[in-house]
Structures are given as structure tokens and as C-alpha cells.
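Engineer: First the structure, then my questions, so here it is.
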Amino acid sequence: MLRFLIRRALGALVVLILISAITYGLFWAVPRDPAMLSCGRDCTASALKIIHHNLGTDEPIYLQYWHYMVGIFAGRHFPVGNCPAPCLGYSFDESTPVWPIITGRLPVTISLAIGGSVVFLIVGVGLGMIAAARRGKLIDKVATTLSMFMYSMQIYFLGPIALAILVYGLHLFNNPAYVPFTENPWGWFVGLLIPWAVLATIFVGAYTRMTRSLLIEQFQEEHVKMARAKGMSTPFVFFRYAWRGALSMIITQFGMDFSSLLGGAIITEYTFSLQGLGAFSVEATDKSDLPSIMGIMLFGAALIVIFNAAIDACYAVIDPRVRLN
Amino acid sequence: MSTMTMPAGSPAATGGEAFLSVRDLYVRFSTEDGIVKAVDGLSFDVQRGRTLGIVGESGSGKSVTNLTILGMHNPATTTIGGEIVLDGQELTGASERQLQQLRGNKMAMIFQDPMTSLSPYYTVGRQIAEPFRKHTGATKRAAHERAVEMLAKVGIPQPAQRVHDYPHQFSGGMRQRVVIAMALVCNPDLIIADEPTTALDVTVQAQILDLLLEMQREFGSAIVLITHDLGVVANTADDLLVMYAGRAVERGTVEEVLRAPQHPYTWGLLGSMPSLTTDVSLPLTPIPGTPPSLLDPPTGCPFHPRCRFTEHVSGARCRTERPELPDGRGAACHLTPSQKAELYAEDVAPALGEEAVEAAADAERAADAEAVEDQVPGSTDSEENEQ
Ligand SMILES: Nc1ncnc2c1ncn2[C@@H]1O[C@H](COP(=O)(O)OP(=O)(O)OP(=O)(O)O)[C@@H](O)[C@H]1O
Ligand code: SF4
Ligand SMILES: [Mg+2]
């Protein structure tokens, strides 16, 4: 078990190194001269040179990558300023290192991801379970139709409608805004309610369909039939056997969705003007702020890799076939 | 004595002593393509302490029949008609709750694939103990002890340790033993085994069948054994039911059916299935054609599109009139008894080996004698009992 986890963690590390190298290569090598992007219209050769030096791009690419990686662990000094560890680069637009910007934006994104996940897990998985248990009945048809409808929804369509009705029409809510949980938990909750609901809606459809079809697949499994054939009650068969089998797939999907949400729910944040990582990545792209884009990319990739490793650890807990090998 | 062990020609004794009695069973599934007539007017009996083998090609309704006995079909898409009586209790109208009391307790099922019929998430001990606790109200501790006892009984070494293991830690044959332990934990009176050895190595197959028979001797259970392998039937079963297109087409004791089969479909099966009674050097010849669609089964005898002997039946009766299966020994075929014996002896048996030819010749003589006797009133019963 421990050996499995260590092996998995080492694997994750290798993947991260590979991803960082590829990302670095893509971002710094493909635009022939990244300095040009920051140099503006009346760019002179000497200005360009200074920028190169500031960016550190006057060095060969492998050295640049090496400095970048070392910087993550040891920090770096740029001519324009200090970048303490973990240094994911230095944003010239903001005149600050990238890492503090990311951590500053993270609470918004985490709040959005956690709240939205709770809603779509409860509603989506719950609906899927009900639909599977009552398959073929009216409630199944309603749930299936509803999930199709929600699955085809788009946030940039649903968000403004929700705002128009709930905020501007009925005045039930204030305009969504982020209030730190530590300052005002109730304000945090109310301020994010609409974004959570809208974000969850598009996931609910997918989770309902997935849960329903996974469970129905499980009902056909011989060991689930066997549980029935030995006289176990319907709820017992449903939860102890069918649900248990469906669980690992749902966890996998959730791990992927949650880690990508943590990397920034771009459209949701944009729609509700929330200053999270998603909004930051849009701003950075707008301004061609390469160090920031690179930093966010790497951060998101790291999240995905870490969550994948966490999912595998979950498997080991819930599946004896993994645990005991 | 059962209906199936009576010599041919005896009046059928139905119901009464049969532990499981299936009468005129219909099972229909509504699907997108239409109504599947998976079981169509099937009747059979099983006695305590005896084993009924059911054979038939894939799709002939063997599994559906047995899942129906356990009441496992989705009532929303399944229509069930006829009667299933288990030890005096009518099952076709029973509620899910009543069925739950019976499943795993009075009747138990063993599925084909031991690799998939145990949940990978729970220890074998727990999976064996579950039905025992449910049906007997035993404590956790008592159920655990019972699980160890059952594992020992089915021949798993070191049962007190292995009871804590997960299914993937057992080999295929050992897993099927675990499944049998699970099925038998409440001493069921009826055991339905749906191809219990198909997924196992040949060497393990015999061990598992021996184990089943041993358990039967100990508990006096009735067994329904579904199989593709006539060799298994010959060694294990007492009675035999041959199914085709959701119907029973021939029945009798294993002896009777294997020595003197009466239905052209059974003849085809004998030539196409591995069997211990036939010569291994003889090639297997598959029955030409394919099993009929159960959405739209053929009229008359369902086997007529594939039957080589339709011209021996007068008129077009094979196509228009459904042959009935008599109670007791017999076959659902319009051929006369002497035609059956003659055609089998001359046309079919030679391809099945010497033993079959000899048996067929005996059967033919007996059938001729019977035919003569039918014309001579007042003949003795002694000849009849010789066959
Ligand atoms: N739930 C269902 N809905 C619709 N059709 C079904 C259903 N279950 C079984 N059938 C059909 O009923 C027929 C009989 O199936 P069954 O499983 O009893 O065959 P079988 O004799 O056990 O075959 P095999 O030897 O392959 O196990 C098949 O044509 C099958 O497709
Ligand atoms: S009834 Fe006719 S078609 Fe059917 S098995 Fe007998 S001979 Fe063949
Ligand atoms: Mg089957």
C-alpha cells in the first residue's frame, strides 16, 4: 500500500517535470521573440535588449528552463525585482512575482469550485441514483430529460438570465460578489449562491447521466445479480453492491472536474465578474503577460497531476484489488 | 418416484410429490424490437434429492427460465404466465418481499462465471455471511463462524484465514467453491446452477460437480443444472430436459434420453456437443441453420426450418401444428414412436459411434414390439417394461 503510494507520487513528479518542460518550451520558444510582445510599438534595439535581459531570455532555452525550475524551489532575482520561492516567474505588467497573484486569487476560485461541486454532486449524483432506481418510470424520464436539457446549457447563456431574473428582476439577491469566508461566512455564502447554482447546472446534467448509466450497468453485473439471488433487500443490493461498483468511476470523473475547476472556472468568473484564477488567466492572455500565463498553466497542470494521484490513493482505499497488490 | 423416472408409456404422475413444479410457463419481454417469447409453455418437475439437467443451444431460454423461478426479472418489461410451485408455494404471484425470503434460503443460484459473481469489494467471509444473517437472524459472530464452516465444507484449505480474503485472492476453481459456499450457506432445498463449470478448467470442472453432488447428498437438495455439455449431464444429472426456442422438446431420465433420444433436435445436439458417451474420435457436427428468432418464432414445430425429417410426417403438420410434449418420457415431435426409433437407428446413430448404434437397435426393437402390441389387444405389460 505504502509502496504503491510512493510509486504513484514519484510518477506524478516525473509527469510534472515533463509537463513543465513542454509548457516552458511552448510558451518561450514558439513566439520567436517573447520580448517583442512586451516591447510595444516604438521598440528600439536597446529597449529590446533590456527586456531580454530582464526576462532572462538572453540565455539559451535550456538554461532559462533550468533557472525557472530552480526558481520554483529557491526563488530568483530579476533585475526588476525579487521573486521569492516558489517563484513561477515575474509579471512585468503587474510588477510583481506571479505566485502571490495566484495565491491572492485562489480563495475565490476555491470557494467557487467547492460550493459548485457540493451542489452538482448532491443534485447530479442524487438525481442519477433516483433515476436508476426507478428506471423506466416517470421520475426517470423527467430526470433524464432534465439532465439532457442541463447538459446542453451554457454558462454564458444561463448566467446572464439568472442575473436578470434573480438580481435585477426580483431583487432577491445582490449582484454576486466574493466576500472572504473568514470575514463574513454568511456574506460569502449569499454572495456566491448564484454562481454556484449556475456553475453546478452544467455539471448536474453530466453527473445525472453518468451516475444513472453506471448504476444500470452495475445492475447487469453478475455479482450484483448474485446479491439479489441470495435474498438481499433491494436497498442493500443498491447501495452495498451497485453503488459501490459505480463509485470509483464517479470519483475519477469528479477528481478531474474538480481539479480543472481549481485551475479556474474561466467563464463563470468572467460572467459574474469574480476575480479568481480564471479571470486572471483571461487578463494575462489579453495583455500577453507571458510569465503569468506560464505560471497559471503550470499551476493548473500541477493541480491535475496531484488530484490524479489523490484519486489513485482513493482507489487504493476503496478497492481491495488495488490495495492488496 | 418422479414422473421422469417412469418408464415410457406409464401414465404421468404430475404435481404432488414434486418439490419444484413448473407448469405451462410463459415469459415474454417487451423490447424495442417487439415481444421476445423467451419461454413458451414450459413444464417440468424436480424432486428433492434429484438433479435435473437442462440442455439446449444458446438462446433457448434456459437462463431466463431459472431467473424466472427466482423472480429476478424486471416486472416492468416482463410478462410471466403459468405456474411455478416450490414446495407447495406459488411463486409467479409472490411479492418481491416474499421472494427475498426464499432466495438464498430455500432456493439458491450459482452463476456461470466465478470471476464475476463475487463482489471485488468485500471479503468472501462477509459475502457468505450476509445471506446467513439475513435469513437466520444470526449474530455477526455466529455468521462469521458459519462462513468458516462453509468454506471448510467446500474444501478451501485454512478456512479460518481465507475467510478474510477478497475474491481476487482466489483462483477460478476456488472462487466457484466460494460461490457454492455462499449459495448453500442456508441449506437451500433447491439449487439452480447455471453452467457452473463452463468457465473453469476441465480438471477443476469435475471437482466442482463432485462437490455439488456431495452437498446434495448431505442436504437432500434438488438441483437444476444448466449446461452445454452432455458429458456433464451424463455424469451428474438424473433427469434431462432438452429445450429449444423457449420450449421443452424432449424429456426423460438421462439414461433414456442419451440411449434412445426421440427428438430430431436432440439428435442434432448429440452430434454437436461434446459428450462422454460418444466416441471422442468422431467429429462434432453442428446443427445446420441457426436458432429461430424469438420475436417471431416459426409456426408449428419451432424446429421445422432446420429439421431433416419433415417429409416423414404426413401433410404439412410440422409447419402448421405444434407438437405437444407428453408428460413423462417423450418428445415434442410428430414422428411416430417407431419412426423415431428407426430414423435414429439408421440415420443418426451411426455417426455417434458403436455404442449409440447398439443402443439404438435395442430401442428400435422395443419400439417395434410396442407398435405390434398396440395392435394386439390384451398383450402383457412385461414387454413394455423391458425398455
Ligand atoms: N431481459 C431480457 N430482455 C429481452 N430479451 C431477453 C432478456 N433476457 C433474455 N432475453 C432473450 O431471451 C432468449 C433466451 O435467453 P437465455 O439467456 O435464457 O438463453 P440461454 O438458453 O440461457 O442461452 P445461453 O446458453 O447462451 O446461456 C435470448 O434470445 C435472449 O436474447
Ligand atoms: S415435428 Fe416435424 S419438424 Fe418438428 S422435429 Fe418432428 S419431424 Fe422435425
Ligand atoms: Mg444462459
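The values are calculated or read from the model by the stated rules, or taken from the named source; none is laboratory data. Keep in mind the model is a prediction, meaning the values are calculated, not measured. Don't worry about glycine lacking a Cβ; one is built from the backbone with ideal geometry, like all the others, and counts go over all protein chains shown. These accessible areas exclude ligands, DNA and RNA; they are computed on the full protein's heavy atoms, side chains included. Shrake-Rupley method; radii C 1.70, N 1.55, O 1.52, S 1.80 Å.
Engineer: Other chains near B:73-80: what is the mean number of their Cβ atoms within 10 Å of each residue's Cβ? Before the final figure, lay out the partial values.
Structural biologist: On the way: counts 0, 3, 0, 4, 1, 0, 0, 0.
Mean partner-chain Cβ count within 10 Å for B:73-80: 1.
Engineer: By its C-alpha gyration tensor, with a ≥ b ≥ c as the square roots of the eigenvalues, how is chain A shaped: rounded for a/c under 1.5, else prolate for a/b larger than b/c, else oblate?
Structural biologist: In terms of gyration-tensor shape, oblate.
Engineer: Whole-Hz ³J(HN,Hα) for each residue in the stretch A:170-181, computed from phi via Karplus 6.51 cos²θ - 1.76 cosθ + 1.60 with θ = phi - 60°, x for glycine and proline: what do you get?
Structural biologist: Listing the rounded values in order: 8, 6, 7, 10, 7, 4, x, 8, 8, 10, x, 4 Hz.
Engineer: Using the Cα gyration tensor of the stretch B:55-135, with a ≥ b ≥ c the square roots of its eigenvalues, what is the shape: rounded (a/c below 1.5), prolate (a/b larger than b/c) or oblate (neither)? Show your work: numbers first, answer last.
Structural biologist: Numbers: a/c = 2.10, a/b = 1.29, b/c = 1.63.
Because a/c hits 1.5 or more and a/b fails to exceed b/c, the stretch B:55-135 counts as oblate.
Engineer: Hey, another quick one. Select from A:A229, A:A162, A:A265 the residue whose mean-square fluctuation is largest in a Gaussian network model of chain A (Cα-Cα springs shorter than 10 Å).
Structural biologist: Maximum fluctuation in the GNM of chain A, among the listed residues, is at A:A229.
Engineer: Something else: What do you get for Rg/Rh over chain B if you use C-alpha atoms and the Kirkwood form of Rh?
Structural biologist: 0.99
Engineer: Taking the Cα centre of the stretch A:99-324 as origin and charging only Cβ (+1 Lys, Arg; -1 Asp, Glu), how large is the dipole, in debye to the nearest 20?
Structural biologist: Dipole magnitude for the stretch A:99-324 comes out near 1120 debye.
Engineer: Given a Förster distance of 35 angstrom, what is the FRET efficiency for B:Q89 paired with B:L213, based on the Cβ-Cβ distance and rounded to 0.05?
Structural biologist: After rounding, the FRET efficiency stands at 0.85.
Engineer: Short version: ³J(HN,Hα) in whole Hz for each residue of the stretch B:74-81, in order, from phi by Karplus 6.51 cos²θ - 1.76 cosθ + 1.60 (θ = phi - 60°), x for Gly and Pro, what are they?
Structural biologist: With the stated coefficients, the stretch B:74-81 comes to 5, x, 5, 10, 10, 10, 10, x Hz.
Engineer: Need the list of aspartates and glutamates near A:K287 for cross-linking: C-alpha distance under 15 angstrom, and skip anything on the same chain fewer than eight residues off.
Structural biologist: Straight-distance partners of A:K287: A:D93, A:E94.
Engineer: Take the residue pairs B:K37/B:K153; A:K137/B:K140; A:K230/B:K37 and return only those whose Cα atoms are more than 32 Å apart. Intermediate results must be reported in sequence, preceding the final value.
Structural biologist: Numbers: B:K37/B:K153 41 Å; A:K137/B:K140 37 Å; A:K230/B:K37 27 Å.
Over 32 Å apart, Cα to Cα: B:K37/B:K153; A:K137/B:K140.
Engineer: GNM, chain A, Cα, under 10 Å: largest mean-square fluctuation among A:M148, A:M129, A:M232?
Structural biologist: Judging by the Gaussian network model, the answer is A:M232.
Engineer: Okay, moving on. Over chain B, with a Gaussian network built from C-alpha contacts below 10 Å, which listed residue (B:Q47, B:Q262, B:Q98) shows the highest mean-square fluctuation?
Structural biologist: Top of the fluctuation ranking is B:Q98.
Engineer: Further question: Amide H to amide H, which residues 5 or more places from A:C87 or on other chains are under 5 Å from it, using H placed in the peptide plane?
Structural biologist: So A:C87 has HN proximity to A:I72, A:F73, A:A74, A:G75.
Engineer: Okay, moving on. For B:S43, enumerate residues with amide H under 5 Å from its amide H, sequence gap 5+ or separate chain, H modeled in the peptide plane.
Structural biologist: Residues meeting the criterion, in which the H sits 1.01 Å from N, are B:D24, B:L25, B:A248.
Engineer: Quick one: accessible surface of B:M107, probe radius 1.4 Å, all protein chains present, in square angstrom to the nearest 10.
Structural biologist: We get 0 Å² for B:M107.
Engineer: Given R₀ = 35 Å, FRET efficiency for A:T103-A:M249 by Cβ-Cβ distance, to 0.05?
Structural biologist: Given R0 = 35 Å and the Cβ-Cβ separation, E is 0.60.
Engineer: Something else: Where the convex hull is taken over the Cα atoms of the protein assembly as shown, what is its projected area averaged over directions, in nm²?
Structural biologist: Working: hull surface 174.4 nm².
Dividing the Cα hull surface by four gives the mean projection, 43.6 nm².
Engineer: Something else about it: Could you give the length gained by full extension between B:V372 and B:T203, i.e. 0.36 nm per residue of separation minus their alpha carbon distance, to one decimal place?
Structural biologist: Computed gain between B:V372 and B:T203 is 56.0 nm.
Engineer: Return the long-range amide H neighbours of B:I110 (sequence gap of 5 or more, or a different chain), with a cut-off of under 5 Å between placed amide H atoms.
Structural biologist: B:I192, B:A193, B:D194
Engineer: Let me check something: with ligands and nucleic acids excluded, how do A:F254, A:F280 order by accessible area (1.4 Å probe), largest to smallest?
Structural biologist: Details: A:F254 50, A:F280 5 Å².
The ordering from most to least exposed comes out as A:F254, A:F280.
Engineer: Ordering B:V148, A:V317, A:V70 from largest to smallest accessible area (1.4 angstrom probe), what's the sequence?
Structural biologist: Final ranking, largest accessible area leading: A:V317, A:V70, B:V148.
Engineer: Still on this structure, I have one more. Determine the order of A:W186, A:W66, A:W196 by accessible area, beginning with the largest, at a probe radius of 1.4 Å.
Structural biologist: Accessible-area ranking of A:W186, A:W66, A:W196, largest first: A:W186, A:W66, A:W196.
Engineer: Could you compute how much accessible surface B:E90 exposes when probed at 1.4 Å, giving the result in Å² to the nearest 10?
Structural biologist: Accessible area of B:E90: about 70 Å².
Engineer: Mind checking which aspartates and glutamates have their Cα closer than 14 Å to the Cα of A:K225? Skip sequence neighbours fewer than 8 apart in that chain.
Structural biologist: In chain and number order, the partners are A:E217, B:D113, B:D194.
Engineer: Can you compute the modelled spin-label distance between A:T44 and A:N174, with each label point 7 Å from Cα toward Cβ, in nm?
Structural biologist: Each label point is offset 7 Å from its Cα along the Cβ direction, giving 5.1 nm.
Engineer: FRET efficiency for B:A76 and A:E59, Cβ-Cβ distance as r, R0 = 60 Å, nearest 0.05? Walk me through the numbers before you get to the answer.
Structural biologist: Working: r = 71 Å, r/R0 = 1.18.
Calculated transfer efficiency: 0.25.
Engineer: Tell me, what ³J(HN,Hα) does each residue in the stretch B:86-98 have, in order and in whole Hz, if you take phi through Karplus 6.51 cos²θ - 1.76 cosθ + 1.60 with θ = phi - 60° and put x for Gly and Pro?
Structural biologist: 10, 6, x, 9, 6, 9, 5, x, 5, 7, 4, 5, 4
Engineer: Counting only C-alpha contacts under 8 Å and six or more residues apart, can you give the relative contact order of chain A as a whole percent?
Structural biologist: 23 percent
Engineer: Ignore the peptide's own chain and count Cβ atoms of other chains within 10 Å of each Cβ in B:115-126; give me the average, rounded.
Structural biologist: Mean shielding count: 5.
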